[in-house]
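Colleague: Got a structure for you, written out below as structure tokens; questions coming shortly.
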Amino acid sequence: MTNNDLLDIAENFGKPVYVYDSEKIASQYQRLIDAFAGVSDLRINYAAKALSNISILKFMRQLDSGLDTVSIQEVRLGLAAGFEPQAIIYTPNGVSLNEIEEVAKMGVQINIDNLSLLEQFGTRHPKTPVCIRINPHVMAGGNDNISVGHIDSKFGISIHQIPHLLRIVENTAMNINGIHMHTGSDILDIDVFLHAAEILFDTAKHFKALEFLDFGSGFKVPYHNNDIETNIEELGEKLSARFTEFCLEYGSELQLIFEPGKFLVSQAGHFITQVNVVKQTTSTVFAQVDSGFNHLIRPMLYGSHHHIENLSNPSGKERFYSVVGYICETDTFGSNRKIAEITEGDLLVFRNCGAYCFSMASNYNSRYRPAEVLWYQGQAHLIRKRETFEDIMNNQVEIVFKPQMQA
Ligand SMILES: *Cc1c(COP(=O)(O)O)cnc(C)c1O
């Protein structure tokens, strides 16, 4: 899709608006399939939390993807999108036994990441197949907020606890059918990933009836123009060979699973906003858009970089701007950015806004969450209406206060 398509969408659906290019999603999906063509049984489970609109989930299903979920609500969304329960894996962290039992009843694959719940669940439901999430203690990437495999992470069962884990499995006679890891969001070093894979293989050897090994995600996509991304093709070649070899050692053909979120949807997303004010201070020129961290929080929460372009004046002379929002808090999208000259009313587009953007949006400052549009077969389809004042009032309960009695 072109910038002119984006301008048309802003014209027709209003601003701010999230736009997702289905062709980009499909081509990223295909890239993964091609990279791991050497594996005889490969499964991609899209991580729903990255972008959970039901039309996106349906599109993923049409690509033949499965679904990775982290809450019972995401499981319900997946079922509503038409996924078979068996095509859904549920990988929660810190949820109640009750929620896990409810999801298990739906026929969804359960993935447990702590010994306490494993023991309780195994005691009560020894026949239900369960996957185990381990923590291989491998540092992936540099950002502590998005790296979840290190020693102090709250995720997964530590590999140092494998003896205790094995005792629970033996005592409860529960059915372990998969081993899982998800080390974080930035795999740059393929050797580090392959090292973590070896830890997964070592763990897998303890279990006799496995059906799959789930390597999670962590594929990095470029956000900066000169960013490095995970070399999927190289990883695919190396891991496929090693996986096939492991299956021979193990004595049965296992399924290899990945659960990418960002890799599939990040680059497909474009967020269009309009400049309300250009404000000059003593040191900076601010471009203030009709948005804020209520719509796009990654730059403020993670320090993430999203490339910004002026759609309305693409060939204008470039100048330096700080692009900020309209929220009554510091909400800087990007400082000191070189952008084609901005006039009030211009439309700015933020790139790489498919993953963890709309799905983290809120109503802070009592603002409406934006509309979402899917670009599919050369046409724009509304997949979420812009909110209205009714949405803000929804669920709020007004108390009728009696007038105070005068003393
Ligand atoms: C969030 C998450 C993913 C997806 O991570 P990305 O970095 O978006 O690819 C995969 N697996 C689990 C368990 C997750 O929590």
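Colleague: How large is the translational diffusion coefficient of the chain in µm² per second when you combine the Kirkwood radius over alpha carbon pairs with Stokes-Einstein at 20 °C and 1.002 mPa s?
Modeller: Approximately 93 µm²/s, per Stokes-Einstein.
Colleague: Tell me which residues come under 5 Å, amide H to amide H, from Ser312 once H is placed; ignore anything under 5 positions away on its chain.
Modeller: Result for Ser312 returns Leu347.
Colleague: How much mean residue ellipticity at 222 nm does the chain get from its helices, if each DSSP H run of length 4 or more adds -39500 (n - 2.57) and you divide by all residues, to the nearest 500 deg cm²/dmol?
Modeller: Value at 222 nm, helices only, nearest 500: -9000 deg cm²/dmol.
Colleague: To continue, here is another question. Pick out which of His206, His295, His125 has the largest mean-square fluctuation in a Gaussian network model of the chain, springs linking Cα atoms closer than 10 Å.
Modeller: In the Gaussian network model the winner is His206.
Colleague: May I pose another question? In a GNM of the chain with a 10 Å cut-off on Cα contacts, which of Glu101, Glu11, Glu211 has the highest mean-square fluctuation?
Modeller: Most flexible of the set in this elastic network: Glu11.
Colleague: Quick one: net charge of Pro126's neighbours, Cβ under 14 Å, K/R +1, D/E -1?
Modeller: Residues close to Pro126 contribute a combined charge of -1.
Colleague: Label the stretch 269-382 by shape, choosing from rounded, prolate and oblate, from the square roots a ≥ b ≥ c of the eigenvalues of the Cα gyration tensor; if a/c is under 1.5 it is rounded, and otherwise prolate applies when a/b is larger than b/c, oblate when it is not.
Modeller: It is oblate, given that a/c is not under 1.5 and a/b is not larger than b/c.
Colleague: Another one. Give Lys220/Lys338; Lys49/Lys105; Lys49/Lys338; Lys24/Lys385; Lys24/Lys208; Lys24/Lys49 a once-over and call out the pairs whose C-alpha atoms are over 30 Å from each other.
Modeller: Lys49/Lys338; Lys24/Lys208
Colleague: Here's a follow-up. So if I take the centroid of the Cα atoms in the stretch 201-248 and the same for the stretch 23-64, what is the distance between those two points in Å?
Modeller: That distance is 15 Å.
Colleague: Between Asn310, Asn276, Asn98, find the one with the highest GNM mean-square fluctuation for the chain; connect C-alpha pairs within less than 10 Å.
Modeller: Sorting by GNM fluctuation, first place goes to Asn98.
Colleague: Can you run phi through the Karplus equation (6.51, -1.76, 1.60; θ = phi - 60°) for the stretch 349-354 and list ³J(HN,Hα) in whole Hz, with x for Gly and Pro?
Modeller: 10, 9, 8, 6, 9, x
Colleague: Fewest first, what order do Met360, Met405, Met181 take by the number of other Cβ atoms within 10 Å?
Modeller: Placing the least packed residue first, the sequence is Met405, Met360, Met181.
Colleague: Hey, can you grab everything whose amide H is under 5 Å from the amide H of His381? Only 5+ residues off in sequence or another chain; H modelled, so Pro and N-termini drop out.
Modeller: Excluding prolines and chain starts, which carry no amide H, the hits are Leu374, Trp375, Tyr376.
Colleague: How charged is the neighbourhood of Ala268? Take every other residue with its Cβ under 9 Å from the Cβ of Ala268, and add Lys/Arg as +1 and Asp/Glu as -1.
Modeller: That sum, taken over residues with Cβ under 9 Å, equals -1.
Colleague: On to the next question. Taking amide H positions as placed 1.01 Å from N in the peptide plane, with prolines and chain starts having none, which residues 5 or more places from Ser291, or on another chain, fall under 5 Å of its amide H?
Modeller: Amide H neighbours of Ser291: Tyr326.
Computed from the coordinates by the stated procedures, all read-outs in this text should not be read as laboratory data. Since the structure is predicted, the reported quantities are computational estimates derived from the model, not experimental observations. Using ideal geometry, Cβ is built from the backbone for each residue, glycine included, and neighbour counts are taken over all protein chains shown.
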